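*Asks:* Okay, handing you the structure first.
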Amino acid sequence: MGSLSIWHWLIVLLVVVMIFGTKKLKNMGSDLGGAVKGFKDGMRDGAADAPVVPTQQVSGTTTQVDPSTIDVQARQKS
């Protein structure tokens, strides 16, 4: 009783086809495929648009710079 055999899966598939019909199942399959393709394209585009974090070299070591900070130089008052 643990696992389902191929005959069980064929019966389940037959019942699903009888309930939904082949045309509706085909439409659902193509919609799912289009959604997966759109997701993959979005992930690829998102990776290309990801911001690059600038680095700053201080005394021989490279550190990441917080993009919200502003780097300025202090001047002496004369």
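*Asks:* Just one of the numbered conditions (1) modelled with pLDDT of 85 or more; (2) at negative phi; (3) surrounded by 10 or more Cβ atoms within 10 Å (Cβ to Cβ) is not true of Lys23; which one?
*Replies:* (3)
*Asks:* Tell me yes or no: at least one residue of the range 30-50 is modelled with pLDDT under 80, under 31 Å from the mean Cα position of the chain (by Cα), exposed (fewer than 10 other Cβ atoms within 10 Å of the Cβ) and part of a loop (DSSP other than H, G, I, E, B).
*Replies:* yes
The values are calculated or read from the model by the stated rules, or taken from the named source; none is laboratory data. Since this is a predicted model, take the numbers as computed values, not measurements. Here Cβ is always computed from backbone atoms with ideal geometry, including for glycine, and neighbour counts include all displayed protein chains.
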